[in-house]
Amino acid sequence: MSRTTPVAPSPTPTPARDRRRILVSSVSSDSHTWNLVFLQLLLEEMGHEVFNAGACVPDELVIAECRRLRPDALVISTVNGHGALDGRRLITRLRREPDLRDLQVVIGGKLGVRGAEAGSHAPQLTAAGFDAVFEDAAGTEEFRRYLGEAAPPALSAAPRRGPALAGAR
């Protein structure tokens, strides 16, 4: 008798008209890269064009890369537990920039060091300016559904320039 290993369903490809340019990054204090590589692969399998800024990215560099790449969305991922603190600072700075104010920005992962016992960080992070917040316990299904339903932002018509970043640092 042979055993089969369950295989997760592969992501539904994104129609070409809904294909997006997505910048994936961590917060400045997060040195993990596996989460960024996973997100990059997931998003690419969904049909999106992905630029991976890597780990420990200073706020100034995230803002500069958003200007250089003109992505349709910025996805911030964190696993070190300081995502709520660093993410709030980053989104506050990004929303002050007139040319980036309308950029779709989401954050997800382990957002606090106390996990679920601290409650949800979503209300404070959406109030600070994130379009969506994905807590680590939710998995990827909600994130995938959100990307499929969210309308492309105004920046999608902006001119594109520059090569992809050289992967995770």
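The values are calculated or read from the model by the stated rules, or taken from the named source; none is laboratory data. Bear in mind the structure is a predicted one, so any value in this text is a computation, not a measurement. Positions of Cβ are generated from backbone atoms using ideal geometry, with glycine treated the same way; all protein chains shown enter the neighbour counts. Ligands, DNA and RNA are stripped out before the accessible areas are found, and what is left, the full protein with its side chains, is counted by its heavy atoms. Shrake-Rupley method; radii C 1.70, N 1.55, O 1.52, S 1.80 Å.
Pop out the ³J(HN,Hα) list for region 101-108 in order, Karplus 6.51 cos²θ - 1.76 cosθ + 1.60 with θ = phi - 60°, rounded to Hz; leave Gly and Pro as x.
4, 9, 5, 6, 10, 10, 9, x
Show me 122-129, 61-68, 49-56, 33-40 ranked by packing, highest mean number of other Cβ atoms within 10 Å first.
Details: 122-129: 15.4, 61-68: 17.0, 49-56: 20.6, 33-40: 18.5.
Sorting 122-129, 61-68, 49-56, 33-40 by mean packing, highest first, produces 49-56, 33-40, 61-68, 122-129.
If contacts are Cα pairs under 8 angstrom and at least 6 residues apart, what is the relative contact order of region 68-145 in percent?
For region 68-145, the relative contact order is 33 percent.
Over region 23-149, average the accessible area per residue using a 1.4 Å probe and give it in Å², no decimals.
Computed with neighbouring chains in place, this is 42 Å² per residue.
For region 32-139, count all C-alpha to C-alpha pairs, find those more than 18 Å apart, and express that count as a whole percent of the total.
When all Cα pairs of region 32-139 are counted, 46 percent exceed 18 Å.
Carbon-plus-sulfur fraction of the accessible area of region 32-120, 1.4 Å probe, in percent?
57
Starting at the first residue of region 40-56, write each ³J(HN,Hα) from the Karplus equation 6.51 cos²θ - 1.76 cosθ + 1.60 with θ = phi - 60°, in whole Hz, x for Gly and Pro.
4, 5, 4, 5, 5, 5, 7, x, 8, 8, 10, 10, 10, 7, x, 9, 6
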